[in-house]
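The values are calculated or read from the model by the stated rules, or taken from the named source; none is laboratory data. Note that this is a predicted model, so its numbers are computed, not measured. Cβ sites come from the backbone with ideal geometry, for glycine too, and all protein chains shown count toward neighbours. Remember, those area values only see protein heavy atoms, side chains included, never the ligands or the DNA or RNA. Shrake-Rupley method; radii C 1.70, N 1.55, O 1.52, S 1.80 Å.
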Amino acid sequence: MFKAIFTNSFGILFSRILGFIRDLLTASTLGASVYSDIFFIAFKLPNLFRRIFAEGAFTQVFIPAFARTTKKAIFSANIFLLFISIILILTLLVNLLPGLFTKAIAVGFSSETIAIASPYVAINFWYLPLIFSMTFLSGMLQYKNHFATTAFATSLLNLSLIGALLLAQEKTDSEIVYYLSYGVVIGGILQLAVHIVAIKQLGLLKIVLGGFKYLRVKSKKIKKDTSKFKREFFPAMWGNSTAQVSAFLDTFLASFLISGSISYLYYANRIFQLPLALFAIATSIALFPRVARYLKNNDEIKALANLKKAFWFLAYLLTFSTLGGVILSHEIVWLLFEHGAFDANDTQNTSLVLTMYLLGLLPFGLQKLLVLWLYAKQMQLSAAKIATASLITYVIFALSLIQPLGVGGLALASTMGGFVSFTLTIRVFGLKNFLAIIRSKNLIYLLISSTIFVFLLLVFKNFIQAFI
């Protein structure tokens, strides 16, 4: 289990390092301006649908369904064609009506800004069918316990965007955003290409091609499996998409605030997502096939034992990440982004947003782990209800806090939604099971080590203040 976790973590870390280089170049080139807002809007739309359709829900339902079915080739081909057809139709609609979709995600933009942003939105959306195809193949790779290709693939997107930024030096802001938009599409092509190579090397290409070859004549044999997949997918899709709907609403509400607010959310969220992806998401991806397999074989004791190990592994890492990020938020943003067009005022605003996000890191991360239990037990509807309650909490707090706290209030509202989600997940997971996990000496060790860590962080903060 830990080998798979570290493979995912290392791949994610490598990708995130490149991502920070990309963000540093973006911040230096575009700053927190209307054009940076436009690019983040253009890239956010395909990312929103990617996380709803292509990641999370799809993988969590596809892997158990793929394991259950006896007609793997035909089943996988049928599911792929169903989803890619929907995604391609959606992509064509966005390209035909880019202004309408841009307006939907950034209502606060003026008509002039929407007109500027629309072509970029149309280009960026072609990333979605590419990344769905990649995710479909990555699900098959995970079934074979191969995680490395997917873990490292995101770095190709970041390399493509870094290349685009370097080529766009000395260009106008509008030209830079065009370069970035085409860089997104090229990155998607590269990610898909490496997954096709991995599928071939693991001998899965025959399953993929064979499924398409015999789908028409044998589709009736997978009717039951397909129907069950659809019933499980839509609650899972909603359960996984609420975080993306929340991010969509962040952007929607931030578009009514001062210029640069969308960029503050983006830069802060990028830092917040590093420990979340590096530890929580990497652990969840590695643990899910194992837990699903144990529960399928009615071996709940081994499933809980693996979950307990992963829980404390995450609890330590996420607690230290939260403490370090909150105490050093200003210094982190200053070091990463305060260059070129990104000034001291941008640093101040971004660090405030980062602090609000980081307060929810521990509940967000641990909830991602515990919710795997629900998906492995095919309790997608329960997970969807929890996600809905979390989203409603976010909306209430976002509308309440945006006036007094501005963009920081939106981040804090997201954190409040995370606490609600974590609490409700514990309830469904089982309080008895949860107490069995936390009744451990690890809790005392965590409290003591956290206290020492805070003291060291404060000493370090005072030391580096002289250099800022």
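With the requirement that a residue be of a type in the set (Phe, Trp, Tyr) and at pLDDT 85 or above, what does region 121-144 give you?
Once the filter is applied, which keeps residues that are of a type in the set (Phe, Trp, Tyr) and at pLDDT 85 or above, region 121-144 yields Phe125, Trp126, Tyr127, Phe132, Phe136.
When you look at Phe147, is it aromatic (Phe, Trp, Tyr), at pLDDT below 85 and within 28 Å of Ala73 (Cβ to Cβ), yes or no?
Spelling it out, Phe147 is indeed aromatic (Phe, Trp, Tyr), at pLDDT below 85 and within 28 Å of Ala73 (Cβ to Cβ).
If you check Thr425 against the conditions, is it among the β-branched types (Val, Ile, Thr), crowded, with 19+ Cβ neighbours inside 10 Å and out of contact with any Phe, Trp or Tyr (no Cβ under 7 Å at 6 or more places or on another chain)?
yes
Going by what's in this entry, would Ser219 be described as farther than 30 Å from Phe20 by Cβ, of a type in the set (S, T, N, Q) and either modelled with pLDDT of 85 or more or part of a helix (DSSP H, G or I) (or both)? Please lay out each step first, then the result.
Values: farther than 30 Å from Phe20 by Cβ: yes; of a type in the set (S, T, N, Q): yes; either modelled with pLDDT of 85 or more or part of a helix (DSSP H, G or I) (or both): yes.
So Ser219 fits the description; yes.
Conditions first: (1) modelled with pLDDT of 80 or more; (2) surrounded by fewer than 22 Cβ atoms within 10 Å (Cβ to Cβ); (3) on the phi < 0 side of the Ramachandran plot. Gly188 passes all but one, so which condition is the exception?
Exception for Gly188: condition (2).
Right, Gly183: more than 21 Å from the chain's Cα centre (by Cα) and either farther than 21 Å from Ala117 by Cα or in a helix (DSSP H, G or I) (or both) or not? Step through it out loud before you land on a result.
Values: more than 21 Å from the chain's Cα centre (by Cα): no; either farther than 21 Å from Ala117 by Cα or in a helix (DSSP H, G or I) (or both): yes.
No; evaluated as a whole, the condition is false for this residue.
Among the residues of region 281-296, is any over 21 Å from the mean Cα position of the chain (by Cα), at pLDDT 80 or above, closer than 20 Å to Thr59 by Cα and not hydroxyl-bearing (Ser, Thr, Tyr)?
No, region 281-296 contains no residue that is over 21 Å from the mean Cα position of the chain (by Cα), at pLDDT 80 or above, closer than 20 Å to Thr59 by Cα and not hydroxyl-bearing (Ser, Thr, Tyr).
Residue by residue through region 428-468, note down the ones that are of a type in the set (A, V, I, L, M) and not in a helix (DSSP H, G or I). Outline the logic, then answer.
Looking only at region 428-468, we keep the residues that are of a type in the set (A, V, I, L, M), and these are 428, 431, 435-438, 443-444, 446-448, 452, 454, 456-459, 464, 466, 468.
Across region 428-468, the qualifying residue is only Ile468.
I'd like the full set of residues that are farther than 26 Å from Val94 by Cα, assigned to a loop (DSSP other than H, G, I, E, B) and either open to solvent by 40 Å² or more (accessible area, probe 1.4 Å) or among the hydroxyl-bearing types (Ser, Thr, Tyr) (or both), limited to region 104-163.
Of everything in region 104-163, those that are farther than 26 Å from Val94 by Cα, assigned to a loop (DSSP other than H, G, I, E, B) and either open to solvent by 40 Å² or more (accessible area, probe 1.4 Å) or among the hydroxyl-bearing types (Ser, Thr, Tyr) (or both) turn out to be Lys144, Asn145, His146.
In this structure, is Ile116 modelled with pLDDT under 90, closer than 29 Å to Val371 by Cβ, out of contact with any Cys (no Cβ under 8 Å at 6 or more places or on another chain) and β-branched (Val, Ile, Thr)?
no
Among the residues of region 315-371, how many are in contact with a Gly (Cβ under 6 Å, 6 or more places away or on another chain) and either open to solvent by 40 Å² or more (accessible area, probe 1.4 Å) or at pLDDT below 90 (or both)?
Counting residues in region 315-371 that are in contact with a Gly (Cβ under 6 Å, 6 or more places away or on another chain) and either open to solvent by 40 Å² or more (accessible area, probe 1.4 Å) or at pLDDT below 90 (or both) gives 4.
For Leu265, work out the one condition from (1) part of a helix (DSSP H, G or I); (2) under 30 Å from Asp173 (Cα atoms); (3) open to solvent by 20 Å² or more (accessible area, probe 1.4 Å); (4) touching a residue at least 24 places away in the same chain (Cβ under 8 Å) it doesn't fulfil.
Failing condition for Leu265: (3).
Would you pick out the residues in region 397-427 that are assigned to a helix (DSSP H, G or I) and more than 23 Å from the chain's Cα centre (by Cα)?
Answer for region 397-427, where residues must be assigned to a helix (DSSP H, G or I) and more than 23 Å from the chain's Cα centre (by Cα): Leu399, Ser400, Leu401, Ile402, Gln403, Pro404, Leu405, Arg427.
Yes or no: region 229-243 includes at least one residue that is in contact with a Leu (Cβ under 8 Å, 6 or more places away or on another chain), part of a helix (DSSP H, G or I) and surrounded by fewer than 19 Cβ atoms within 10 Å (Cβ to Cβ).
So far as region 229-243 goes, no, none of its residues is in contact with a Leu (Cβ under 8 Å, 6 or more places away or on another chain), part of a helix (DSSP H, G or I) and surrounded by fewer than 19 Cβ atoms within 10 Å (Cβ to Cβ).
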